[in-house]
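Colleague: Please find one structure pasted underneath; my questions will follow.
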Amino acid sequence: MVNNKVALITGASRGIGRGIALQLADMRYTIIINYNNDRASAEQVLKTVLGKKGNGICFNADISKNENIEKMFKFISQEYGRLDVLINNAGYAPIIETEKIDEKSWDHILSINLKSAFFCSNHAMFIMKKAGQGKIINIGSQAGITGGFHSAAHYAIAKGGINTLTKRLAMEGAPYNILVNCVSPGIIETDGVNAYPEEVVKDLVGKIPIGRIGTVSDVANVVSFLLTEKSNYLTGINIPVNGGIYMN
Ligand SMILES: NC(=O)c1ccc[n+]([C@@H]2O[C@H](COP(=O)([O-])OP(=O)(O)OC[C@H]3O[C@@H](n4cnc5c(N)ncnc54)[C@H](OP(=O)(O)O)[C@@H]3O)[C@@H](O)[C@H]2O)c1
């Protein structure tokens, strides 16, 4: 068993997951950098983590499939014997009209954005309950609170489920000193958002009272706070990180 705390971040090869990984390296976590396709980027994240004198490993798993989640947690148990933090971050937000969503797309989007978080949390809770401590942070979305503007309906619905998952796990985890919270980004500068059509981005920025798109650090800062002892009386909450867009 390793001495320092172990954190699993799903989808940590890019974007918000990467930003969280770099801050957790500063906090001296051993980090499992989960990724799906982008091995080179995941390895770059690990390199940066190691450069900060952090510790970690890249773990390839398409977490939309339970068999891969099972393999990942088997590895964590065997290799580290502990899991202190789970960040359910991996996600994908397509832009597609509601009428064009078919069953295949529904299953795919719900699997990546919601099912994966439920089953990763189930495995994590099993380890954390035995340890009598742990923290789970779910990365939700503004779309899960409002129903969304441009993102797809099934994505927004999945993120709404993330809010409910957070509350349910918080209730079940509390007696075991497992704290579960959600951080819901608004519009954050990442590959996903950079792929949006220019007019969509312009429209979104126009809706943000602070007047700018958020950075990955804006989100990672809040996640880092939730991992400090200063947040130890918070559980089952959803923190929007969105430049005030929720006021609209
Ligand atoms: N950016 C925003 O404005 C925004 C707003 C609201 C909510 N969010 C949420 O924040 C989270 C991170 O978003 P992001 O913008 O940082 O995304 P991103 O830049 O597109 O990166 C997505 C990450 O998730 C991983 N991933 C995707 N599908 C996966 C799968 N099936 N199994 C394992 N990993 C998978 C990707 O791995 P590969 O690189 O290997 O493909 C990548 O590391 C998501 O939950 C998203 O819904 C983002």
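Colleague: Is there a residue in the stretch 168-185 that is buried (at least 20 other Cβ atoms within 10 Å of the Cβ), within 13 Å of the ligand (Cβ to nearest atom), over 20 Å from Glu99 (Cβ atoms) and of a type in the set (Gly, Ala, Ser)?
Modeller: yes
Colleague: Given the criterion near the ligand (Cβ under 9 Å from one of its atoms), in contact (Cβ under 8 Å) with a residue 24 or more places away in the chain and in contact with a strand residue (DSSP E or B) (Cβ under 8 Å, 6 or more places away or on another chain), identify the matching residue among Ile112, Ile76, Ile33, Ile87.
Modeller: Answer to the selection: Ile33.
Colleague: Then there is this: Looking at Phe118, is it surrounded by fewer than 18 Cβ atoms within 10 Å (Cβ to Cβ) and among the aromatic types (Phe, Trp, Tyr)? Please lay out each step first, then the result.
Modeller: On the way: surrounded by fewer than 18 Cβ atoms within 10 Å (Cβ to Cβ): yes; among the aromatic types (Phe, Trp, Tyr): yes.
Yes.
Colleague: With respect to Ile245, is the statement that it is surrounded by fewer than 17 Cβ atoms within 10 Å (Cβ to Cβ) and over 28 Å from Asp38 (Cβ atoms) true?
Modeller: no
Colleague: A further question follows. Taking Ala7 as the residue in question, decide whether it is more than 10 Å from the ligand (Cβ to nearest atom) and either in contact (Cβ under 8 Å) with a residue 40 or more places away in the chain or out of contact with any Leu (no Cβ under 7 Å at 6 or more places or on another chain) (or both).
Modeller: Values: more than 10 Å from the ligand (Cβ to nearest atom): yes; either in contact (Cβ under 8 Å) with a residue 40 or more places away in the chain or out of contact with any Leu (no Cβ under 7 Å at 6 or more places or on another chain) (or both): yes.
So Ala7 fits the description; yes.
Colleague: Applying the selection to the stretch 179-203, what residues are part of a strand (DSSP E or B) and β-branched (Val, Ile, Thr)?
Modeller: Residues satisfying the conditions are Val180, Val183, Ile188.
Colleague: Next question, about the same structure. If a residue has to be more than 15 Å from the chain's Cα centre (by Cα) and not in a helix (DSSP H, G or I) to count, how many in the stretch 135-178 make the cut?
Modeller: 8
Colleague: Would you call Thr98 in contact with a strand residue (DSSP E or B) (Cβ under 6 Å, 6 or more places away or on another chain), away from the ligand (no atom under 16 Å from the Cβ) and of a type in the set (Val, Ile, Thr)?
Modeller: Working: in contact with a strand residue (DSSP E or B) (Cβ under 6 Å, 6 or more places away or on another chain): no; away from the ligand (no atom under 16 Å from the Cβ): yes; of a type in the set (Val, Ile, Thr): yes.
No.
Colleague: For Ile210, only one of the following conditions fails: (1) without any contact (Cβ under 8 Å) to a residue 40 or more places away in the chain; (2) in a helix (DSSP H, G or I); (3) not acidic (Asp, Glu). What is its number?
Modeller: Only one criterion is unmet by Ile210, namely (2).
Colleague: Looking at (1) hydroxyl-bearing (Ser, Thr, Tyr); (2) surrounded by fewer than 16 Cβ atoms within 10 Å (Cβ to Cβ); (3) in a loop (DSSP other than H, G, I, E, B), which is the only condition Thr48 fails?
Modeller: (3)
Colleague: Let me ask another. If Thr235 satisfies all but one of (1) in contact (Cβ under 8 Å) with a residue 60 or more places away in the chain; (2) within 14 Å of the ligand (Cβ to nearest atom), what's the number of the condition it fails?
Modeller: With respect to (1) in contact (Cβ under 8 Å) with a residue 60 or more places away in the chain; (2) within 14 Å of the ligand (Cβ to nearest atom), Thr235 is out only on (2).
Colleague: If I go through the stretch 54-73 residue by residue, how many of them are assigned to a loop (DSSP other than H, G, I, E, B) and more than 16 Å from the ligand (Cβ to nearest atom)? Lay out the reasoning, then the answer.
Modeller: Residues of the stretch 54-73 assigned to a loop (DSSP other than H, G, I, E, B): 54, 61-65.
Next, from what is left, pick out any that are more than 16 Å from the ligand (Cβ to nearest atom): 54.
So the answer is 1.
Colleague: Let me ask something else about it. So is Leu24 under 17 Å from the mean Cα position of the chain (by Cα), part of a strand (DSSP E or B) and away from the ligand (no atom under 13 Å from the Cβ) or not? Lay out the reasoning, then the answer.
Modeller: Values: under 17 Å from the mean Cα position of the chain (by Cα): yes; part of a strand (DSSP E or B): no; away from the ligand (no atom under 13 Å from the Cβ): yes.
When the stated conditions are applied, Leu24 does not pass them.
Colleague: What is the number of the single condition among (1) in contact with a Gly (Cβ under 8 Å, 6 or more places away or on another chain); (2) part of a strand (DSSP E or B); (3) closer than 22 Å to Val241 by Cα that Leu8 does not meet?
Modeller: Every condition holds for Leu8 apart from (1).
Colleague: If only one of Ala170, Ala152 is of a type outside the set (S, T, N, Q) and in contact (Cβ under 8 Å) with a residue 60 or more places away in the chain, which one is it?
Modeller: So the residue among Ala170, Ala152 that is of a type outside the set (S, T, N, Q) and in contact (Cβ under 8 Å) with a residue 60 or more places away in the chain is Ala170.
We did not get these values from a lab; they are worked out from the coordinates using the rules stated. Predicted model, so just to flag it, every value in this text is computed and none were measured. Cβ sites come from the backbone with ideal geometry, for glycine too, and all protein chains shown count toward neighbours.
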